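Chemist: The structure's right below; bear with me while I get my questions together.
The values are calculated or read from the model by the stated rules, or taken from the named source; none is laboratory data. Values in this document were obtained by computation on a predicted structure and should not be read as measured data. Cβ atoms come from the backbone with ideal geometry, glycine included; neighbour counts cover every protein chain shown. Calculation scope for accessible area: heavy atoms of the full protein, side chains included, ligands and nucleic acids excluded. Shrake-Rupley method; radii C 1.70, N 1.55, O 1.52, S 1.80 Å.
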Amino acid sequence: MRAKTLLVLLAIYFVATGCTGSNPKNNAVKPAGDSLTTKSSADTAKASDQVKSTTDLDPAKVWLEQIFHCDDDKSGKYCYYLDKEEALCTARFMEFLADANEIYGPSNLTDAELPVVEARYKAKWGKIYPLYTQEMWLFGRGNDDALAINTVEIKKLSTDKYSVFIDYGNNIKTQNEVQLVLENSNYKIDYCKTSFVQ
């Protein structure tokens, strides 16, 4: 009898310690809405995409893309307006373009004036920019607004330097290497190397 009593007491002891000896914090049921344990993979992916899109934002690239936005719905997908060109470029680069195109574009220079003006152009700009040796306007544009550009592709090359590919249509395509600067907290184009491509 004594052995039975001892076994019963031991059984009661083990049952009692099993129920009361455990840590109640470990057995607590967490509510279903606990944000630490129940984030879905969709929520995690959404949050990750928001962070990525914020960090991937390149304000200089956005600024370049806006250059080619059309002002109305009647035009094509991409446009380029000549009247905005002066606001897009630094005054120095606009002066460089004008000086280069005075020599290499339609000109009123005489045969005697041409070498003098060309020497002055080289001396003035040779240490600032790679010199143009033919008529070239920004992005290789023509003499009128481009209202039906087929394609514009912009890629970052390095800090403030971008590649801008433009398909104007009619087999006219340019590859442009554009150098940007900040001027009074606004982006400006300070140089553009343009090549016509096939």
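Chemist: Hey, what do the phi angles of the range 138-144 turn into as Karplus ³J(HN,Hα) couplings, whole Hz, using 6.51/-1.76/1.60 and θ = phi - 60°, x for Gly and Pro?
Modeler: 3, 6, x, 5, x, 9, 8
Chemist: Where does each of D72, D99 land when they are ordered by accessible area, with a 1.4 Å probe and the largest first?
Modeler: Of D72, D99, the descending order of accessible area is D72, D99.
Chemist: Within the range 143-174, list the chymotrypsin sites (Phe, Trp or Tyr not before Pro) lying in a DSSP loop whose Cβ has at most 11 other Cβ atoms in a 10 Å radius.
Modeler: Those that pass, being in a loop and sparsely packed, number zero.
Chemist: Same structure again: Give the residue list of GluC sites (Glu not before Pro) in the range 128-198 that are DSSP loop and have at most 15 other beta-carbon atoms within 10 angstrom. Show your work: numbers first, answer last.
Modeler: Details: sites: E135, E153, E177, E183; in loops: E135.
Answer in residue order: E135.
Chemist: How much accessible area does C70 have with a 1.4 Å probe, in Å² rounded to the nearest 10?
Modeler: Result for C70: roughly 30 Å² accessible.
Chemist: A further question on this structure: Could you tell me which of the pairs K156/K193; K84/K122; K61/K124; K122/K173; K61/K127; K74/K188 are separated by over 25 angstrom between their Cα atoms in the structure shown?
Modeler: Pairs exceeding 25 Å: K84/K122; K61/K124; K122/K173; K61/K127; K74/K188.
Chemist: What does the charge add up to near Y81, with Lys and Arg as +1, Asp and Glu as -1, over the other residues with Cβ less than 9 Å from its Cβ? Walk me through the intermediate numbers first.
Modeler: Working: positive: K84; negative: D71, D83, E85, D145.
Summing Lys and Arg as +1 and Asp and Glu as -1 gives -3.
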